[in-house]
Amino acid sequence: MAKRQGKLDKKRRQESKTNYTKRVILLKSGFPRLVVRKSNKYLILNIVESKKAQDKVVLTISTKNLLKYGWPEDKKGSLKSLAAAYLAGLLLGKKAKDKIKEKLILDSGLIPNTKGSRIYAAVKGVKDSGINISVGEKIFPDDEKIKKYDFFDDVKDKLGGKE
C-alpha cells in the first residue's frame, strides 16, 4: 500500500499537479483554505477544511453562478475576468459567513503568484465580504480594473454587496 502511494506522489509531482512542500505547510497551519483554481472558461473558488490530510470541501462557487445574479448572457465569455473573480469571491464570502468562524489562508496551487491577478481579485471579494483572510493590500488589483463593466454595480447589488 505504501509503495503504491509513493508512486502516486511521484507521478503527481512529475506531472506538475501537486507541490507537496507547499501543501504540507498549508496543512500544518490548521486553518481552512480558500482554494482558487482556473479552468478554460471559469474560476472555481472552494473553501476546504483538512483533518488528518483528508480534505473536505465546505463551499464551492464558480463564476458561472454569476449568470443567476444578472451577469449578461452575451458577456458569458468574460466569466474569467477580474470583475467576475471579484464578484465570485464576494458571493463565496457572503455564503460562508455562518460556516467559517476563523480566518482563511489562500491556496493558489500551482498558479503563479502575480500582483493584480484574477486570483487576488477573488481574494479581495472574499475579504470585502467580511471574511478574515491574511494577505497584503498591495497585491490586489486596482478598483478601476475590477469595475470596468457597466453592469458590475447591478450584479453586485443583486449579490447583496451594497457598500
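Values quoted throughout were computed directly from the atomic coordinates according to the rules given, and no laboratory measurement underlies them. Worth saying up front: this structure is predicted, and the values here are computed from it rather than measured. Here the Cβ positions follow ideal geometry from the backbone for every residue, glycine too, while neighbour counts run over all protein chains shown.
Looking at Tyr86, Tyr120, which one is within 9 Å of the chain's Cα centre (by Cα) and either outside any strand (DSSP E or B) or in contact (Cβ under 8 Å) with a residue 40 or more places away in the chain (or both)?
The match here is Tyr120.
Yes/no per residue for (1) of a type in the set (S, T, N, Q); (2) closer than 13 Å to Val123 by Cβ; (3) in contact (Cβ under 8 Å) with a residue 60 or more places away in the chain:
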position	(1), (2), (3)
Phe31	no, no, yes
Tyr42	no, no, no
Glu49	no, no, no
Gln54	yes, no, no
Thr60	yes, no, no
Lys68	no, no, no
Pro72	no, no, yes
Leu90	no, yes, yes
Lys94	no, no, yes
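Output the number of the condition that Ile139 fails; it satisfies all remaining conditions of (1) buried (at least 21 other Cβ atoms within 10 Å of the Cβ); (2) aliphatic (A, V, I, L, M); (3) more than 20 Å from Ile47 (Cα to Cα).
(1)
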